[in-house]
Amino acid sequence: MDKSGQNKAPSRRGFMLGLMTVCTGILALLTPLMGSIAFVLSPVLRGRGKSKTGFVKVGVLASLPVEGLPRKFTVLADKEDAWNRYSNVPTGSVYLRRTRENKVIAFNIICPHAGCFVQVDALAKQFSCPCHNSQFKLDGSRANTDSPSPRDMDPLKVEIRNDEEIWVQYQRFKPGVAGRIPIG
Ligand code: FES
């Protein structure tokens, strides 16, 4: 009790109550803010250590005859942008050719000249680009000496897994240049 005879305890209680109210308010403000920060950073954190050029299962050996013509396969892969993840999205196409019982070669179907889609010429038993007449042998090398393509078709790494699954390391390369420069 002070000189005026009033008790100081209520003002201390009031101070403590005020302090608790302020702390609770700050906590209430920080909680959604922390959630927002975590949401903003999550794509950055998710992307750490991920390989952009992983192998993708494209088909099975049984779908390719040995020494037959190349067959076109769509490459499906999981994709993610800054905020979303998508499964089995078409990301490109490849030609597969089974050269031996347990050996498959793969090429990107994109023409190295200017990016058209190369086709299979079944009669000539070779690849042919309809845009500017680049022709390629079945091993991907240029077939015509006046080919406008500055390089052979782009080969891709292949793995046979579990004795039947064909996995391809899909990659695109810059068109119009002699060197193989990965893009995307
Ligand atoms: S894009 Fe294929 S020959 Fe030009």
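Has region 50-63 got at least one residue that is free of Cβ contacts under 8 Å to residues at least 40 places away in the same chain, part of a strand (DSSP E or B) and over 20 Å from residue 144 (Cα atoms)? Looking through region 50-63, none of the residues is free of Cβ contacts under 8 Å to residues at least 40 places away in the same chain, part of a strand (DSSP E or B) and over 20 Å from residue 144 (Cα atoms). The single residue among 51, 63 that is under 25 Å from residue 163 (Cα atoms) and at pLDDT below 85 turns out to be 51.
If I filter region 84-107 for residues that are within 15 Å of the ligand (Cβ to nearest atom), of a type outside the set (A, V, I, L, M, F, W, C), part of a loop (DSSP other than H, G, I, E, B) and touching a residue at least 12 places away in the same chain (Cβ under 8 Å), do I get at least one hit? Scanning region 84-107, I find no residue that is within 15 Å of the ligand (Cβ to nearest atom), of a type outside the set (A, V, I, L, M, F, W, C), part of a loop (DSSP other than H, G, I, E, B) and touching a residue at least 12 places away in the same chain (Cβ under 8 Å), so the answer is no. Entry remark, region 137-184: residues being of a type in the set (Gly, Ala, Ser), in contact with a strand residue (DSSP E or B) (Cβ under 8 Å, 6 or more places away or on another chain) and closer than 22 Å to residue 126 by Cβ number 4 in total. Do you know which of the residues in region 116-172 that are among the hydrophobic types (A, V, I, L, M, F, W, C) and open to solvent by 80 Å² or more (accessible area, probe 1.4 Å) is farthest from residue 54 (Cα to Cα)? Here the residue is 123. Scanning region 53-110 for residues that are β-branched (Val, Ile, Thr) and closer than 21 Å to residue 172 by Cα yields 53, 56, 58, 74, 75, 89, 91, 94, 104, 105, 109, 110. Test residue 4 against the stated conditions and say whether it is modelled with pLDDT of 65 or more, open to solvent by 70 Å² or more (accessible area, probe 1.4 Å) and of a type in the set (Ser, Thr, Tyr). Criteria not met by residue 4.
The values are calculated or read from the model by the stated rules, or taken from the named source; none is laboratory data. Keep in mind it's a predicted model, so treat the numbers as computed, not measured. We place every Cβ from the backbone using ideal geometry, glycine too, and count neighbours over all the protein chains shown. Accessible surface is based on the protein model in full, side chains and every heavy atom, while ligands, DNA and RNA are left aside. Shrake-Rupley method; radii C 1.70, N 1.55, O 1.52, S 1.80 Å.
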